[in-house]
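Peer 1: Supplied in structure tokens, the structure appears directly below.
Throughout, read-outs are computed from the coordinates displayed, never taken from laboratory work. Because the structure is a prediction, the values reported are computed rather than measured. Every residue, glycine among them, receives a Cβ derived from its backbone with ideal geometry; neighbour counts consider all protein chains shown.
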Ligand code: TXA
Ligand code: MG
């Protein structure tokens with residue numbers, strides 16, 4: 001094999017903190033994976049058709065599924081959305097920079113490819129120092145879906161991203177482990193009324209403290225407003241089940257090599273090959289931040305089955321249960 005060819009084949013996505021290199025790559029219409037406080041994103045210039053097409057191609061994401069536009073300031077926000085309901089403004093002021101995505105009517109300047117032809121655009125100001133610095137150095141916003149192939153577990157470390165895209169991505173901007181650990185909460189507006197399109201790392205209760213009661217869009221619609229609400233999503237390759245009575249399930253699958261994922265319970269059985277207790281102190285924030293890394297790890301162990309424990313259905317427990325139930329749908 002010619003030397004050049006073998007060099008190309010073995011080159012891997014470089015994991016680095018070099019912001020100027022990230023600026024250069026994105027400015028040349030290529031992609032960089034970026035850290036955010038939620039999960040890593042696969043980022044490109046929203047105005048570059050080449051970059052946006054590459055995002056869809058790399059992720060194997062259908063073109064009907066729109067992307068989130070990441071910005072760094074309220075001034076940018078105003079230049080890309082055409083209507084800002086009062087409650088949206090309140091939420092933006094309260095939670096940005098942070099894990100809140102607002103879906104609002106777009107201005108014509110936002111390319112249709114980014115929004116999948118919708119007349120709305122999803123926007124957020126992420127809260128990660130490296131990515132905020134990157135955004136400030138660019139004179140355009142970046143579109144960034146989670147940096148995982150369609151339907152797979154979102155990445156919460158630079159290594160997860162490199163593991164997924166390896167040869168096909170030049171650079172992962174290394175911002176360490178994502179602090180929140182699951183995606184942003186998405187809020188849209190219908191007739192000026194706020195609706196949760198996707199539960200995420202801000203709980204419904206926290207949102208309601210700011211703008212009062214709001215509805216959650218039915219999760220299993222066949223044509224969801226946020227395709228992140230598709231019922232199977234965030235899925236490990238290993239068969240995974242979500243149960244209330246974890247003891248009974250261990251008994252039921254005792255002839256198999258089991259991986260166990262629990263909230264705070266510690267259980268022993270000879271069939272358990274590996275167990276991860278997300279928070280010994282039963283802390284939901286801690287569990288959320290470790291959830292995807294735990295799923296990635298258990299999925300890498302070549303087990304027969306992963307048995308996950310249902311979380312208490314309160315606060316962030318609802319968001320965690322949402323992700324676990326999508327990961328376990330067949
Ligand atoms: O935390 C996050 O939100 C991460 C980080 C990287 O920012 N991003 C993320 O992007 O989770 P993605 O593409 O994996 O999920 C975005 C969701 C999708 O379910 C998409 O359908 C929905 O947002 N979405 C985007 N634009 C929309 C729009 N105009 N109307 C309704 N839903 C929209
Ligand atoms: Mg995603």
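Peer 1: With springs only between Cα atoms under 10 Å, which of 101, 36, 262 fluctuates most in a Gaussian network model of the chain?
Peer 2: Fluctuation is largest for 262.
Peer 1: Simple spin-label model, 7 Å along Cα-to-Cβ: residue 83 to residue 57 in nm?
Peer 2: 3.7
Peer 1: Once you keep just the Cα pairs under 8 angstrom separated by 6 or more residues, what percentage relative contact order results for the chain?
Peer 2: 19
Peer 1: Which residue, 154, 184, 82, tops the fluctuation ranking in a GNM of the chain built on C-alpha contacts under 10 Å?
Peer 2: In the Gaussian network model the winner is 82.
Peer 1: Sticking with the crude label model, points 7 Å out along Cα→Cβ, report the distance from residue 107 to residue 193 in nm, one decimal please.
Peer 2: 3.0
Peer 1: Only Cα pairs within less than 10 Å get springs; with that Gaussian network setup on the chain, which residue of 70, 94, 128 has the largest fluctuation?
Peer 2: Maximum among the listed residues: 94.
Peer 1: Continuing with the same structure: To two decimal places, what compactness ratio does the range 240-327 give when its Cα radius of gyration is scaled by 2.2 N^0.38 Å?
Peer 2: 0.99
Peer 1: Still on this structure: What is the gain in length, in nm to one decimal, between residue 136 and residue 94 on full extension, counting 0.36 nm per residue of separation less the C-alpha to C-alpha distance?
Peer 2: Between residue 136 and residue 94, full extension yields 13.0 nm more.
Peer 1: Figure the gain on full extension for residue 264 and residue 283 (residue separation times 0.36 nm, minus the Cα-Cα span) and round it to one decimal in nm.
Peer 2: Here the answer is 6.0 nm.
Peer 1: Output the Cα-based Rg and Dmax of the range 14-216 in Å, rounding Rg to one decimal and Dmax to a whole number.
Peer 2: Using the Cα atoms of the range 14-216, the pair Rg, Dmax is 15.8, 47 Å.
Peer 1: Another one. How much space per residue, in cubic angstrom, does the convex hull of the C-alpha atoms of the range 121-202 take up?
Peer 2: Dividing the Cα hull volume of the range 121-202 by its residues yields 128 Å³.
Peer 1: OK, next. Got a sec? Which residues in the range 288-304 would a label at residue 314 touch, if it sits 7 Å along Cα→Cβ and we count backbone N under 17 Å?
Peer 2: 288
Peer 1: Over the range 240-327, calculate the relative contact order: mean separation of alpha carbon pairs under 8 Å at least 6 apart, over the residue count, as a percent.
Peer 2: 38
Peer 1: Follow-up question, since we're still on this one. Please give, to one decimal in nm, the separation of the simple spin-label points placed at residue 302 and residue 159, each 7 Å out from Cα toward the Cβ.
Peer 2: Taking the simple label geometry, residue 302 and residue 159 are separated by 1.9 nm.
Peer 1: A follow-up question, please. Divide by every residue of the chain the summed helix terms, -39500 (n - 2.57) for each DSSP H run of at least 4, and state the resulting mean residue ellipticity at 222 nm, rounded to the nearest 500 deg cm²/dmol.
Peer 2: That calculation yields -9500 deg cm²/dmol at 222 nm.
Peer 1: Please compute the contact order of the range 89-200 in relative form: average sequence separation of alpha-carbon pairs under 8 Å and at least six residues apart, divided by the residue count, as a percent.
Peer 2: Relative CO of the range 89-200 lands at 26 percent.
Peer 1: Restricting to bridges with both residues inside the chain, how much of the DSSP beta-bridge set is antiparallel, in percent to the nearest 5?
Peer 2: In the chain, DSSP labels about 40 percent of beta bridges as antiparallel.
Peer 1: Where q = 0.22, 0.24 Å⁻¹, what log10 of I(q)/I(0) comes from the Debye formula for the range 87-150, counting one point per Cα?
Peer 2: The calculated log intensity ratios at q = 0.22, 0.24 Å⁻¹ are -1.14, -1.25.
Peer 1: Still on this structure, I have one more. Taking N as the number of residues in the range 152-303, what is its alpha-carbon radius of gyration divided by 2.2 N^0.38 Å?
Peer 2: My calculation over the Cα atoms of the range 152-303 gives 1.21.
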